[in-house]
Amino acid sequence: MRRSVESTKESPPKATPLPRAATPRGEHLLDGLEDIVLREGFRRVTIGELASRLHCSRHTLYQLAESKEQLILLVLARVLGRIRRMGLAAAGARSDIRERIVALVEPGVSELRRATSLFFADVAAFPAAKRLLEQHQNARREDTQRLLDEAIRSRTFRDINSRLAAEVIVAAVQRVMDSSFLVEVGLSAADAIRGAEDLLLHGLLHLGERSKTAARPARAARATASPPGVSSRTGPRRR
C-alpha cells in the first residue's frame, strides 16, 4: 500500500529520489512533467490527468515512481540537482571571482523561469518537497560561502562574515520565492531572484570600488547644476 504524504510528515528528509531507468523515453516524460509542475503546480492534477497530457499510461508513470508524491519529488530533485550542477560547472569555468559568484547563482534564475506562484505554494504545502528545497538551499549556501571566502581574501569584497553574507543571500532568495510575495510585487520567480542577487552582490563590493561608482553620478550632477561660465570647482572661468 502506498504511503501518503502526511504519514511521513515527521520523518527525516530522504535521499534524492532517482529514476529507476534513465531511458530516452523516461527522460522525455520527465521533461514534460517538469514543465507542467513548474507552470501549474501539482496539488490539483491527478496521475490520470498527467498520463493523458503526456500521452502515456498510468503504468508508465508508476515505472518512474511508485506514487504521485514520489513522482513530484523526483521532478523537483531533478530540477534542483540540475541547478546546482550547472552553477558549480559555470563557476568553475571562470577566473574572476565576481563572475564566478554570478555564474553560481544564475542557473537558479534561468532554470526557474517557468516556475509560477502556484508551484511555490504547492511546494510550501508539501512537507517532503519543502524539505527537499531546504536541503538544496543549504547546499547552495555552502557553495556561495566558499566563493565569498575567496572574494574576501582577494579583497574584492569587504572583510565581512562570509557565513552571515551567504545566509542573508539564501534568506533573501527564500523570501522572494514565496508565492504570496511574488503575487504582491507582481514579479516572476526568476526576475525576483535576479533582482535580489544583484542588489546583494553589488552591496558586497569593496568600499573603495563602491565609492568610485557613487562618485561618477555625483560629479555629473554637480556639473549639470553649475551655471554657464562657472566651474563647480574654481568659480567663474577666466576669459
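List of remarks:
- Considered as a group, the residues in the range 66-79 that are assigned to a helix (DSSP H, G or I) and touching a residue at least 60 places away in the same chain (Cβ under 8 Å) include one that is farthest from the chain's Cα centre (by Cα), and that residue is E69.
This table checks each residue for (1) small (G, A, S); (2) modelled with pLDDT of 95 or more; (3) part of a loop (DSSP other than H, G, I, E, B); (4) surrounded by fewer than 16 Cβ atoms within 10 Å (Cβ to Cβ).
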{"residue": "M1", "(1), (2), (3), (4)": "no, no, yes, yes"}
{"residue": "S4", "(1), (2), (3), (4)": "yes, no, yes, yes"}
{"residue": "S7", "(1), (2), (3), (4)": "yes, no, no, yes"}
{"residue": "P12", "(1), (2), (3), (4)": "no, no, yes, yes"}
{"residue": "T16", "(1), (2), (3), (4)": "no, no, yes, yes"}
{"residue": "R20", "(1), (2), (3), (4)": "no, no, yes, yes"}
{"residue": "R25", "(1), (2), (3), (4)": "no, no, no, yes"}
{"residue": "E34", "(1), (2), (3), (4)": "no, yes, no, no"}
{"residue": "V37", "(1), (2), (3), (4)": "no, yes, no, no"}
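- For the range 52-65, a residue qualifies if it is within 19 Å of T23 (Cα to Cα) and over 29 Å from the mean Cα position of the chain (by Cα), and the qualifying residues are H55, C56, S57, R58, H59, T60, Y62, Q63.
- One residue stands out among those in the range 139-174 that are surrounded by 17 or more Cβ atoms within 10 Å (Cβ to Cβ) and among the hydroxyl-bearing types (S, T, Y): the one that is farthest from A196 (Cα to Cα), which is T156.
- Within the range 44-65, residues that are part of a loop (DSSP other than H, G, I, E, B) sit with their Cβ atoms under 7 Å from residues that are not β-branched (V, I, T), at 6+ positions apart or across chains, in these pairs: C56/L29; S57/A51; A65/P17; A65/L71; A65/L74.
- Note on the range 86-161: enclosed helices (runs of 4 or more DSSP H) holding 1 or more residues that are more than 19 Å from S180 (Cα to Cα) are 97-110, 127-153.
- In the set (1) surrounded by 16 or more Cβ atoms within 10 Å (Cβ to Cβ); (2) in contact with a Ser or Thr (Cβ under 8 Å, 6 or more places away or on another chain), the condition left unmet by H136 is number (2).
The values are calculated or read from the model by the stated rules, or taken from the named source; none is laboratory data. Here the structure is a predicted model, which is why all the values come from computation and not from measurement. Positions of Cβ are generated from backbone atoms using ideal geometry, with glycine treated the same way; all protein chains shown enter the neighbour counts.
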